[in-house]
Amino acid sequence: MGLARPQAWLSGLPTAMVYGSLALFTTILHNVFLLYYVDTFVSVYKINKISFWVGETVFLLWNSFNDPLFGWLSDRHFLSSRPRTGTGLSSRAVVLTRVQALGWHGPLLALSFLAFWVPWAPAGLQFLLCLCLYDGFLTLVDLHHHALLADLALSAHGRTHLNFYCSLFSAAGSLSVFASYAFWNKEDFSSFRAFCVALAAGSGLGFLGATQLLRRRVEATRKDSGCSALAMDGGLNGKELLVGAEEVGSITLGQYLRQLARHQNFLWFVGMDLVQVFHCHFNSNFFPLFLEHLLSDHISRSTGSFLLGISYVAPHLNNLYFLPLCRRWGVYAVVRALFLLKLGLSLLMLLAGPEHPGLLCIFIASNRVFTEGTCKLLTLVVTDLVDEDLVLNHRQQAASALLFGMVALVTKPGQTFAPLLGTWLLCFYTGHDLFQQPTVTPVGSTQPWPEPPAPAPAQAPMLRQGCFYLLVLVPITCALLQLFTWSQFTLHGRRLHMVKAQRQNLAQAQTLDIKTV
């Protein structure tokens, strides 16, 4: 009886909550990874500079191409299926496949996270292997988790409901950043290593438990004659959605890419999202620099550290407010309003000038929070593109993971452009080269190698002015580009409703086809 009660309570959890908890088990690992992996290899393992940059270069290439690679391997058989016994793939079978993949890849992600904190090979080799292994499993987890958002729910309400729990659990997972400060000690690494072991164990076990619960919920729909538990959450229909028995030729990668090239809304979206990814990583890369050169005389070091830490949590909490707005007004309208807000706040800050520390502090924090929050809302837009791709190309099943992978392929270069273009612009405005001085780095990280001293104090006002113009002109330019590309995006309003209706009709027609065979 004692064991039955917790099991009954867990089995009664809403599907959206179980789905959202998967974001918790990813976030508790990833934020700690981002903050400490460089410092660990540079300060603790003493990696040399050449090995560091070789590892980062290989990681950059792997990080760019593994999304479409894994997406293609995962979903290529969904593009067109060949039924063998009169029945093909079902929506439930697709969901179960993704849940099973998460059940394997989640614990492997936790193990690859552990590999960073224990020296087991020469530093350069370990750095390269750890980065590629970790990013590979992280990509697999993200692709299947995001794809489930499109597969579990069809309506905008259902998807925003699922995303709400993702934001809630991601905010909770970001608290691992604050907890990590208590254990981080480069001189005595054992306590931090034990902390990481605890995080990995919690994450791995959490993935196993959550995927088991989710699998049972999906399988339970097979037994329900009426509305299923998933359907009540705005997810799968209670009925099996079987594809027709007509054989369809397989689609090659070249044919799929040509289909995407004709998908106008996809092209406009990735153009806008490329700018968004650039702006998100620009804010992350230069957030400490702006604090140092614009606010260091007005805020304490601990306040700066708190602002940096809270910037990891606030975007998720912010989305808890924006997601209900998305249900009411639509994602398109909310994202457009955020672009206008970014443009308006940046113009206001430009007119006010750099001599208002209070305004600067609010602007720097809000700029990062709103930009990161917009990135998280765009996942919902990709799920709508999945629906349109299925309808336009008459697919047997939605290739959700593959489309998420193709979006990542086009937009991930923004991660590289952000530091390159940012440092070039700063040098162009001020004549000051960041690589000629110790650069300001995030809390929990460190400059890998000592550099020549900073420029003379006489250059400080020019550097401060350059940082200010960089701070306000980049979001102004990004907002203008995004407002233009977003205005060309037509998958909203009446067209979006039409696509949703056609996908629903297609699913119903496929079910009827099977019944008449």
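The values are calculated or read from the model by the stated rules, or taken from the named source; none is laboratory data. Computed from a predicted model, the values in this text were never measured in an experiment. Cβ: placed from backbone, ideal geometry, glycine included. Neighbour counts: every protein chain shown. Heads up: the accessible areas ignore ligands, DNA and RNA and are worked out on the full protein's heavy atoms, side chains in. Shrake-Rupley method; radii C 1.70, N 1.55, O 1.52, S 1.80 Å.
Things to note:
- 1.4 Å probe accessible area per residue over segment 296-420, in Å²: 40
- Highest mean packing first, where packing is the average number of other Cβ atoms within 10 Å per residue, the peptides 29-41, 196-208 line up as 29-41, 196-208.
- Using θ = phi - 60° and Karplus 6.51 cos²θ - 1.76 cosθ + 1.60, couplings along segment 202-214 (whole Hz; Gly, Pro as x): x, 5, x, 5, x, 4, 4, x, 5, 5, 5, 4, 5
- Sequentially through segment 471-477, phi angles give Karplus couplings (6.51, -1.76, 1.60; θ = phi - 60°) of 4, 9, 6, 5, x, 5, 5 Hz, Gly and Pro residues having no value and appearing as x.
- Peptides 135-143, 468-476, ordered by how many other C-beta atoms sit within 10 Å of their residues on average, highest first, read 135-143, 468-476.
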